[in-house]
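Enquirer: Attaching a single structure in structure tokens format; questions to follow.
Values quoted throughout were computed directly from the atomic coordinates according to the rules given, and no laboratory measurement underlies them. Note that the structure is a prediction, hence the values are computed from the model and not measured. Reconstructed Cβ throughout: ideal geometry from the backbone, glycine too, with neighbour counts over all protein chains shown.
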Amino acid sequence: MQSSNSQSISQRLQAMADSERHSHSAAKSTGVKAPLSVDYQQLNEQLSGLINGEKDRVANLANCSALLWQELGNINWVGFYLLKRNKLVLGPFQGKPACSRIELGAGVCGTAAQMLRAIIVADVHQFPGHIACDLASKSEIVLPIISEGKLVGVLDIDSPETDRFDHHDQQGLELIIQTLLPHL
């Protein structure tokens, strides 16, 4: 038997999935571009509903990556790398299989982690040392996840489209990370 809180979350997720299913699914299956206009405030509210009351880090990261996969257009990978023993280790994600470990300072993820700042790369082929897990990726955004001044990991999102990400995405994804942090 589900609690009323989990029932309401389930109902909200179903309504969200029903309303958004066609645009993202059609884009992935037909190659038609999904709309890039993202209401990050609404996305943040959806994330809050998903993770409210859940204390498991993996469950929350998995639901966050699934939500971003569902709602963001023109992406081919979204997920988390978590800092473990001074390396980034693959965490929950959506997309093709990815590199399991990344050294700090290596590629876009390792550089963002080392610098403790977001990096937007318009063309990954122009980024020195880019790590190509999926040859279809053309642009990328990586945001560090920092708690109490310490690196926890990074949020990494790739797109098969050049120049896919901008500062609107960065600000919106920073909001997502702030909502996620207390649940990690």
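Enquirer: Using a 10 Å cut-off around each Cβ, can you sort 154, 58 from fewest to most neighbouring Cβ atoms?
Expert: Working: 154 28, 58 12.
With the fewest neighbours first, 154, 58 line up as 58, 154.
Enquirer: Please work out the Cα center distance from the range 36-51 to the range 77-137, rounded to the nearest Å.
Expert: Here the two parts' Cα centres lie 23 Å apart.
Enquirer: Need the full-extension length gain, residue 66 to residue 37, defined as separation in residues times 0.36 nm minus the C-alpha distance. One decimal, nm.
Expert: Extra length available between residue 66 and residue 37 comes to 8.6 nm.
Enquirer: Given a Förster distance of 25 Å, report the FRET efficiency between residue 103 and residue 135 from their Cβ-Cβ distance, rounded to the nearest 0.05.
Expert: My answer for the efficiency is 0.75.
Enquirer: List, in order, the whole-Hz ³J(HN,Hα) value for each residue of the range 65-79 obtained from phi through the Karplus relation with A = 6.51, B = -1.76, C = 1.60 and θ = phi - 60°; use x for Gly and Pro.
Expert: With coefficients 6.51, -1.76 and 1.60, one gets 5, 5, 5, 5, 4, 6, 9, 8, x, 6, 10, 10, 6, 8, x Hz.
Enquirer: Something else: Out of residues 5 or more away from residue 146 or on other chains, whose amide H comes under 5 Å of its own, with H placed 1.01 Å from N in the peptide plane?
Expert: HN-HN under 5 Å from residue 146: 152.
Enquirer: Evaluate the relative contact order of the range 84-184 (contact order divided by residue number), counting alpha-carbon pairs under 8 angstrom at least 6 apart; express in whole percent.
Expert: 22
Enquirer: OK, next. May I ask for the net charge around residue 181, where only other residues with Cβ less than 12 Å from the Cβ of residue 181 are counted and Lys, Arg are +1 while Asp, Glu are -1? List each step's numbers first, then the result.
Expert: On the way: positive: 57, 150; negative: 148, 174.
So the environment of residue 181 carries a net charge of 0.
Enquirer: For a label point 7 Å from the Cα of residue 86 along Cα→C-beta, name the residues of the range 113-130 whose backbone N is under 13 Å from it.
Expert: none
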